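Below: the structure, in structure tokens.
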Amino acid sequence: MGEKPTGAAILSVVGGVFVLLAGVTLIALASIMEGLLSFMPIMPFDVTGMLATWGAIGALLGLVIVVLGVLMLMKPQMAKIFGALVLVLSIVSFVVAFGGFFIGGILGVIGGILGLVFKPAPAMPMAGPPMAPPP
């Protein structure tokens, strides 16, 4: 069995956890703001609903990034595909979940790039049965 993209997977998982935590933080912040803004009868737009939606999307992105990081270890031959997905989702997390407190997005981008450039070691050819000595 060849090498595994361990560094890419670890950075992706840690970055995904930060993005997940940022999403959950946005949801909690929306809940707190809902209570604080309940005394205002008319708002021009639903701030708390927007924060909760961004938080839910961020939490989902973080969860998917974590799963993709684990899949990089389980299926190293598909590390390029998983790395590309981690890279794209980490970039999207900057818009939706503030990049997982910025550090999660950076770690995810680096993990995605490492997954993209990962090259599995070539498989060693199987040796056939030993040849019989000539008579």
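Just so you know, all these numbers are worked out from the coordinates, no wet-lab data involved. All values reported here derive from a predicted model rather than from experimental measurement. Here Cβ is always computed from backbone atoms with ideal geometry, including for glycine, and neighbour counts include all displayed protein chains.
For the chain, the gyration tensor built on C-alpha atoms gives a prolate shape. Its axis ratio a/c (a ≥ b ≥ c) is at least 1.5, and a/b is the larger of a/b and b/c.
The modelled label-to-label distance for the pair Val67/Leu36, using points 7 Å beyond Cα in the direction of Cβ, is 3.4 nm.
Full extension of the segment from Leu60 to Ala132, taken as 0.36 nm per residue of separation minus the current Cα-Cα distance, would add 19.8 nm. Between Ile81, Ile27, Ile110, the Gaussian network model of the chain with springs among Cα atoms under 10 angstrom shows the greatest mean-square fluctuation at Ile81. Only DSSP H runs of four or more residues enter the estimate; each adds -39500 (n - 2.57), and after division by the residues of the chain the mean residue ellipticity at 222 nm equals -24500 deg cm²/dmol.
The value of relative contact order for the chain, using C-alpha pairs under 8 Å at least six residues apart, is 39 percent. Residue separation of Leu29 and Met50 scaled by 0.36 nm, minus their Cα-Cα distance, works out to 6.5 nm of gained length. What is segment 55-109 by shape, rounded, prolate or oblate, if you read a ≥ b ≥ c off the alpha carbon gyration tensor as root eigenvalues and call it rounded for a/c under 1.5, prolate for a/b larger than b/c, and oblate otherwise? Prolate, because a/c is 1.5 or more and a/b exceeds b/c. From most to least packed by mean Cβ count within 10 Å, the peptides 53-60, 98-105, 113-120, 82-89 give 82-89, 98-105, 53-60, 113-120. Label positions at Phe101 and Met74, each projected 7 Å from the Cα along the C-beta direction, are separated by 2.8 nm.
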